[in-house]
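Readers should treat all values here as calculations from the given coordinates under stated rules, not as data from a laboratory. Because the structure is a prediction, the values reported are computed rather than measured. Using ideal geometry, Cβ is built from the backbone for each residue, glycine included, and neighbour counts are taken over all protein chains shown.
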Amino acid sequence: MELSLRPLLAASLIGLAGITSGCATKTPAQKASGEIFDPYESTNRSIHGFNLGLDKVLVRPASKGYIAVMPPPMVDSVNYFAENLSMPGRMVDSLLQGKFKQAGHALARFLINSTVGFAGLADPATEFEIPQVDTDFGETLHVWGFGEGAYVELPIYGPSTTRDAVGVVVNMFTNPLDFAPTKPVNNISLYADGARRLGDRGRYADTVDAVLYDSADGYAQARALYLQNRRYKLEGDAPDLYITPDEISTEGF
Amino acid sequence: MTVSVSRRHLIGAAVAAAALPGTAFALNQTNARTMVTKLIADINKVIDSGKSETAMYRDFERIFRSYSDTSYIAAYAMGVDGRRASAAQKRAFTDAFTGYISRKYGQRFREFIGGRLEVDGVHQVKNFLEVRTTAYLRGESPFEVNFHVSDRTGKELFFNIYIEGVNMLLTERTEIGAMLDKRQGNIDKLIADLKTAS
């Protein structure tokens, strides 16, 4: 019964990554221009449709209810709790990336917030000015030199790339907490992360709704937002790709 | 006091002129920073005013028109479809698009209530200036918001915003392209619908 939910999710994601990681590759010119590489668009769009249906009937109403009943400080606490449980995993990824200082920050955050921070429900580590740590195995693969691959939309999880989808699966098994001899609840980090996502969906309801439902093409909009933001997080600013003020004629406008 | 201030200004101007050949045509960093600082103050004033939503969007539109290069933003958002637009369509599109973008970004700005933007610095990139700011919102880690400023029109106006790597021009080109596709490429229909879209 241990880890019953995890292999199921992992298997479905691996299956999908298998379908999508086939033979598509990106030319260096395509990569440099920062353009979108989406050879599986029709498959992705049907998964987007599924995700949208799931959001409409389940996630969106649930998140509204969640935000309505839970006072904001409690929503914050759930976020801190989920964040704290992910710190040991982020420490492992930091180590794999050779970022030892960042690994130390992750460990320090986990130790401080788990003790002084009431088992992670508060975030005193930030008050002690320990830098935030946000990484994953997708970033580890990036550091190791793997390219982004094709854009994929994963069921339930949402926008990703073939590289980051592998990261999502691997991260299901790299949290040291899962190997602890005694655990109060199985899959607790998975549930906590689910609750955190629900809280975020509720808190940023208007923004998410605008992208998913008000856009002329919610799929294309979500894809553009994800890829731009992900590239920025992994590679930082890319001044070479900045749009200059003379790229298009303004005559008549 | 007056003497020392003016002398400092003179020295500053001389140093700047010596360091940057062709300063007369270069973008003015001080103007760009002042523009963004005023822009932020104006946005905050609207958010804190407690006006009705419609009144706020009117104010945001006024802000957009005075601080941004609306012609360039509209032309970029329309992309290659602009080539087949008539002069009248282009003008009408810029106008409708500016209203649409003010409502759309105005809605997002409302989430900034209780937050603040701080200017970190200005630097030259290619042929424009980047004004870097940090947004501090409640219950969130601070994030980067950068304004790209040019003096293409003769005065410093912003023509793009990057929020954590996501840029407005590209996002709007995606959106306008999708809207046109949905209307079988009919520009007049797009313009009509933009007048009420947000």
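FRET efficiency for the pair residue A:185 and residue A:56, taken as 1/(1 + (r/R0)^6) with r the Cβ-Cβ distance and R0 = 30 Å, rounds to 0.50. Residues whose amide H falls under 5 Å from that of residue B:125, counting only those 5 or more places apart or on a different chain, are B:130, with hydrogens built in the peptide plane.
Close amide H contacts of residue B:160 (hydrogens built in the peptide plane, cut-off under 5 Å, sequence separation of 5 or more or a different chain): B:148.
Classify the protein assembly as shown: rounded, prolate or oblate, from the alpha-carbon gyration tensor (a ≥ b ≥ c, eigenvalue square roots; a/c under 1.5 rounded; otherwise prolate if a/b is larger than b/c)? It comes out prolate by the Cα gyration axes. GNM, chain A, Cα, under 10 Å: largest mean-square fluctuation among A:198, A:225, A:177? Highest fluctuation of the listed residues: A:225. Across region A:233-239, coupling constants 3J(HN,Hα) worked out from phi with the 6.51/-1.76/1.60 Karplus curve, θ = phi - 60°, read 5, 7, 10, x, 4, 10, x Hz, and Gly and Pro carry x. Mean per-residue shielding of peptide B:163-169 is 6, counting Cβ atoms of other chains within 10 Å of each Cβ. Using C-alpha pairs under 8 Å with a sequence gap of at least 6, the mean separation divided by the residue count of region A:44-214 gives a relative contact order of 30 percent. Placing dummy labels 7 Å off each Cα toward the beta-carbon, the span from residue B:119 to residue A:69 is 4.8 nm. Between region B:183-198 and region A:238-253, the C-alpha centres lie 23 angstrom from each other. Couplings 3J(HN,Hα) for region A:35-42, derived from phi with the Karplus relation 6.51 cos²θ - 1.76 cosθ + 1.60 (θ = phi - 60°), are 7, 8, 10, 9, x, 9, 3, 5 Hz, where x marks Gly and Pro. The GNM of chain B, with springs linking C-alpha atoms under 10 angstrom apart, assigns the highest mean-square fluctuation among B:112, B:64, B:147 to B:112. Oblate is the label for region A:44-214, because the ratio a/c of its alpha-carbon gyration tensor axes (a ≥ b ≥ c) is 1.5 or higher and a/b is not greater than b/c. Spin-label model, residue B:83 to residue B:138: label points 7 Å out along the Cα-to-beta-carbon direction sit 5.0 nm apart. Legend: mean number of C-beta atoms from other chains within 10 angstrom of residue C-beta atoms, peptide A:219-228, equals 4.
Summarising the amide proton neighbourhood of residue B:167: residues at separation of 5 or more, or on other chains, whose placed amide H is nearer than 5 Å comprise an empty set. Sorting A:64-70, B:123-129 by their mean Cβ neighbour count within 10 Å, with the most densely packed peptide first, gives B:123-129, A:64-70. Each helix, a run of at least 4 DSSP H residues, gives -39500 (n - 2.57); summed and divided by the residues of chain A, these come to -18000 deg cm²/dmol at 222 nm.
Legend: mean number of C-beta atoms from other chains within 10 angstrom of residue C-beta atoms, peptide A:236-247, equals 6. Computed extension length for residue A:43-residue A:129: 26.5 nm, one decimal, from 0.36 nm per residue of separation with the Cα-Cα distance subtracted.
Largest GNM mean-square fluctuation across B:88, B:32, B:135, computed for chain B with C-alpha springs under 10 Å, falls on B:88.
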